[in-house]
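Participant: The structure's right below; bear with me while I get my questions together.
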Amino acid sequence: MSDAVLDEVRGRHIRSGDHWLIDFASCNYLGFDYDPEIIAAIEPAVRRWGTHPSWSRLIGSPRLYPDIEERLTALLGAPDTLLLPTATLIHTSVIPVLADRGHVFVEATAHRTVYDGCVIARGQGATLRRFHAERPEELEAQLCSAPSGLPRLVCVDGVNSMSGDVVDLPALAAVCRRQGATLYVDDTHGFGVIGERGPSEPCPYGLRGNSVVRHTGETYEGIVLVGGFSKAYSSLLAFLALPPDLKNRLKTAAAPYLYSGPSPTASLATTLAGLEVNDRRGDTVRGDLYRKTARVLDHLAALRVDTLNTDGLPIVEIPLADAGDLDAVAEFLWDEGIYVTLAAYPLVPRDRVGFRVQITALNSDDDIDRLTGTLTRLAERHPLRPRS
């Protein structure tokens, strides 16, 4: 399940050679990649704009861009938004701009692409230190010890890409505001799935899928939010939620706005259609996604199998009792027709070697039955890390 070539896709059923598997490695959480209404939006946009608007955004943006930014700003309740092709490009170009020659503090389990952006900032003169999100007092001590008068940037994941857990954003935001630091949040796995809380919410994910900031009841004061459409919305596009003055600054300071090829027309069209679908029936989709995820987590609990997932999001990391079993476990899952994301050392610490299951709204209840049955048989053959 590494570097596989997939020859056919039918929803969440995929074929590699002559072998069919159920896909639990997809990040298309809402199932928008196969939504007929969203697919139908592509052809009219391509006929109007061509397959690819080949200007950089500084040269010219098709009307689709400002239309999406306007809709997105309203959804997030943010001061403003800026669209760029990918979150990776954002991290590697924006983090160094925000850090300048000041101080960067990156959370110990932040996504590798966030860390890469911090390393680039260090190469351009910033200092770089790590902290642990579960210990906000550690961050505060580090911020207090940093020389004043220079930018201070704190980088975290909103939803951890391996554990599926939500960061304690209010605690970290309070520390950053006291110390005059900017909090930079990568919410690529949370946007579209979690959102604002309310009495009418169909599940604990909340309403509207409008990000970890709204989900935790926070404001955008001192926060720069990064999100991606490539996961929940199944489109090649990403964004920053930020103040208008910073948006204008990044138009000339961040290289992707000046130089990068833009997202293809199909991605812009599916993003805009996805925002409309989200407004009308996104909460129903999220309720179904929560139900399916809960089935998997409840089954693991019944098996007394450990998982780092404590917040019920559709990212379920399952560590092995013996890291040396990973190849055999991968072969067993492949033979059983279950496609997952492997977590090998050194990509994860040795005590977290295992695999990650991602549930999407497009996975059927029969798919979930196949998965839970396979996990039961797997646990009988290869020890999974037991729950404490």
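The values are calculated or read from the model by the stated rules, or taken from the named source; none is laboratory data. Note that the coordinates shown come from a computational prediction; the quantities given were computed from them, not determined experimentally. Reconstructed Cβ throughout: ideal geometry from the backbone, glycine too, with neighbour counts over all protein chains shown. Accessible surface is based on the protein model in full, side chains and every heavy atom, while ligands, DNA and RNA are left aside. Shrake-Rupley method; radii C 1.70, N 1.55, O 1.52, S 1.80 Å.
Participant: Taking the options Ala45, Ala87, name whichever one is open to solvent by less than 30 Å² (accessible area, probe 1.4 Å), at pLDDT 95 or above and either among the polar types (S, T, N, Q) or closer than 24 Å to Ser161 by Cα (or both). If you could, list the steps in order and put the result at the bottom.
Facilitator: On the way: Ala45 fails: either among the polar types (S, T, N, Q) or closer than 24 Å to Ser161 by Cα (or both).
Only one candidate qualifies: Ala87.
Participant: With the requirement that a residue be basic (Lys, Arg) and either in a strand (DSSP E or B) or crowded, with 21+ Cβ neighbours inside 10 Å (or both), what does the range 57-84 give you?
Facilitator: Filtering the range 57-84 for residues basic (Lys, Arg) gives 57, 63, 71.
Arg57, the sole residue that qualifies.
Participant: Follow-up question, since we're still on this one. Take the range 332-346 and flag every residue that is open to solvent by less than 20 Å² (accessible area, probe 1.4 Å), among the hydrophobic types (A, V, I, L, M, F, W, C) and not in a helix (DSSP H, G or I). Write out each step before concluding.
Facilitator: We begin by selecting, within the range 332-346, every residue open to solvent by less than 20 Å² (accessible area, probe 1.4 Å); these are 333, 337-338, 340, 343.
Remaining after also requiring among the hydrophobic types (A, V, I, L, M, F, W, C): 333, 338, 340, 343.
Selection gives Ile338, Val340, Ala343.
Participant: Can you find a residue in the range 112-119 that is closer than 24 Å to Arg352 by Cα, under 20 Å from the mean Cα position of the chain (by Cα), of a type in the set (Gly, Ala, Ser) and crowded, with 17+ Cβ neighbours inside 10 Å?
Facilitator: no
Participant: Another one. Please verify whether the range 132-152 includes one or more residues that are more than 14 Å from Cys176 (Cβ to Cβ), open to solvent by 20 Å² or more (accessible area, probe 1.4 Å) and hydrophobic (A, V, I, L, M, F, W, C). First the steps, then the outcome.
Facilitator: Our first condition is that a residue be more than 14 Å from Cys176 (Cβ to Cβ); within the range 132-152, this holds for 132, 134-135, 145, 147-150.
Going one step further and asking which of them are open to solvent by 20 Å² or more (accessible area, probe 1.4 Å), we end up with 132, 134-135, 145, 147-150.
Those still in the list that are hydrophobic (A, V, I, L, M, F, W, C) too: 150.
Yes, the range 132-152 has at least one match.
Participant: Suppose the filter is surrounded by fewer than 22 Cβ atoms within 10 Å (Cβ to Cβ) and in contact (Cβ under 8 Å) with a residue 24 or more places away in the chain; does Ala255 pass it?
Facilitator: Details: surrounded by fewer than 22 Cβ atoms within 10 Å (Cβ to Cβ): yes; in contact (Cβ under 8 Å) with a residue 24 or more places away in the chain: yes.
Yes: the conditions hold for Ala255.
Participant: Identify all residues within the range 112-131 that are part of a helix (DSSP H, G or I) and either at positive phi or of a type in the set (Asp, Glu) (or both); write none if there are none. Step through it out loud before you land on a result.
Facilitator: In the first step, residues of the range 112-131 are kept if they are part of a helix (DSSP H, G or I); the result is 112-123.
Passing the criteria: only Asp116.
Participant: Determine which member of the set Val193, Val185 is within 23 Å of Asp33 (Cβ to Cβ) and at pLDDT 95 or above.
Facilitator: From the options Val193, Val185, the qualifying one is Val193.
Participant: Report yes if Leu246 is modelled with pLDDT of 95 or more and part of a strand (DSSP E or B), otherwise no. Full working, then the answer.
Facilitator: Values: modelled with pLDDT of 95 or more: yes; part of a strand (DSSP E or B): no.
The answer is no for Leu246.
Participant: So in the range 132-170, with the set limited to residues that are part of a strand (DSSP E or B) and within 16 Å of Val106 (Cβ to Cβ), which one is nearest to the chain's Cα centre (by Cα)?
Facilitator: Pass one, the range 132-170, residues part of a strand (DSSP E or B): 152-157, 159, 166.
Then keep just the ones that are within 16 Å of Val106 (Cβ to Cβ); that gives 152-157.
Values: Arg152: 24, Leu153: 20, Val154: 18, Cys155: 14, Val156: 12, Asp157: 8 Å.
Taking the candidates together, the pick is Asp157.
Participant: Examine the range 279-300 for a residue that is in contact (Cβ under 8 Å) with a residue 60 or more places away in the chain, over 21 Å from the mean Cα position of the chain (by Cα) and buried (at least 18 other Cβ atoms within 10 Å of the Cβ), and state whether such a residue exists.
Facilitator: yes
Participant: Pick from Ala108, Ala87, Ala74: which is of a type in the set (A, V, I, L, M, F, W, C) and free of Cβ contacts under 8 Å to residues at least 12 places away in the same chain? Walk me through it before giving the result.
Facilitator: On the way: Ala108 fails: free of Cβ contacts under 8 Å to residues at least 12 places away in the same chain; Ala87 fails: free of Cβ contacts under 8 Å to residues at least 12 places away in the same chain.
So the residue among Ala108, Ala87, Ala74 that is of a type in the set (A, V, I, L, M, F, W, C) and free of Cβ contacts under 8 Å to residues at least 12 places away in the same chain is Ala74.
Participant: Assess whether Asp165 counts as being in contact with a Ser or Thr (Cβ under 7 Å, 6 or more places away or on another chain), touching a residue at least 60 places away in the same chain (Cβ under 8 Å) and under 24 Å from Val285 (Cβ atoms). Give the steps one after another, and end with the answer.
Facilitator: On the way: in contact with a Ser or Thr (Cβ under 7 Å, 6 or more places away or on another chain): yes; touching a residue at least 60 places away in the same chain (Cβ under 8 Å): yes; under 24 Å from Val285 (Cβ atoms): yes.
Yes; evaluated as a whole, the condition is true for this residue.
Participant: Can you say whether Asp311 is among the acidic types (Asp, Glu) and in a helix (DSSP H, G or I), as far as the supplied structure shows? Working first, answer last.
Facilitator: Values: among the acidic types (Asp, Glu): yes; in a helix (DSSP H, G or I): no.
Taking the combined requirement at face value, the residue does not satisfy it.
Participant: Mind checking which residues of the range 1-26 are within 22 Å of Val329 (Cβ to Cβ) and surrounded by 15 or more Cβ atoms within 10 Å (Cβ to Cβ)?
Facilitator: Within the range 1-26, Met1, Arg12, His13, Ile14, Ser16, Leu21, Ile22, Asp23, Phe24, Ala25, Ser26 meet the criteria.
Participant: Does Leu326 satisfy the condition of being hydrophobic (A, V, I, L, M, F, W, C), surrounded by 18 or more Cβ atoms within 10 Å (Cβ to Cβ) and touching a residue at least 60 places away in the same chain (Cβ under 8 Å)? Reasoning before the result, please.
Facilitator: On the way: hydrophobic (A, V, I, L, M, F, W, C): yes; surrounded by 18 or more Cβ atoms within 10 Å (Cβ to Cβ): yes; touching a residue at least 60 places away in the same chain (Cβ under 8 Å): no.
No; evaluated as a whole, the condition is false for this residue.
Yes/no matrix, rows are residues, columns are (1) open to solvent by 30 Å² or more (accessible area, probe 1.4 Å); (2) touching an Asp or Glu at 6+ places or on another chain (Cβ under 8 Å); (3) farther than 21 Å from Pro85 by Cα; (4) hydrophobic (A, V, I, L, M, F, W, C):
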{"site": "Ala173", "(1), (2), (3), (4)": "no, yes, yes, yes"}
{"site": "Gly180", "(1), (2), (3), (4)": "yes, no, yes, no"}
{"site": "Thr188", "(1), (2), (3), (4)": "no, no, no, no"}
{"site": "Phe191", "(1), (2), (3), (4)": "no, no, no, yes"}
{"site": "Tyr205", "(1), (2), (3), (4)": "no, no, yes, no"}
{"site": "Asn210", "(1), (2), (3), (4)": "no, yes, no, no"}
{"site": "Val226", "(1), (2), (3), (4)": "no, yes, no, yes"}
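Participant: Another question about this same structure. From the list Leu313, Leu308, Leu333, which residue is of a type outside the set (Lys, Arg) and more than 17 Å from the chain's Cα centre (by Cα)? If you could, list the steps in order and put the result at the bottom.
Facilitator: On the way: Leu313 fails: more than 17 Å from the chain's Cα centre (by Cα); Leu308 fails: more than 17 Å from the chain's Cα centre (by Cα).
So the residue among Leu313, Leu308, Leu333 that is of a type outside the set (Lys, Arg) and more than 17 Å from the chain's Cα centre (by Cα) is Leu333.
Participant: I'd like the full set of residues that are at pLDDT 95 or above, surrounded by fewer than 16 Cβ atoms within 10 Å (Cβ to Cβ) and small (Gly, Ala, Ser), limited to the range 347-388.
Facilitator: Correct list: Ser364, Gly373.
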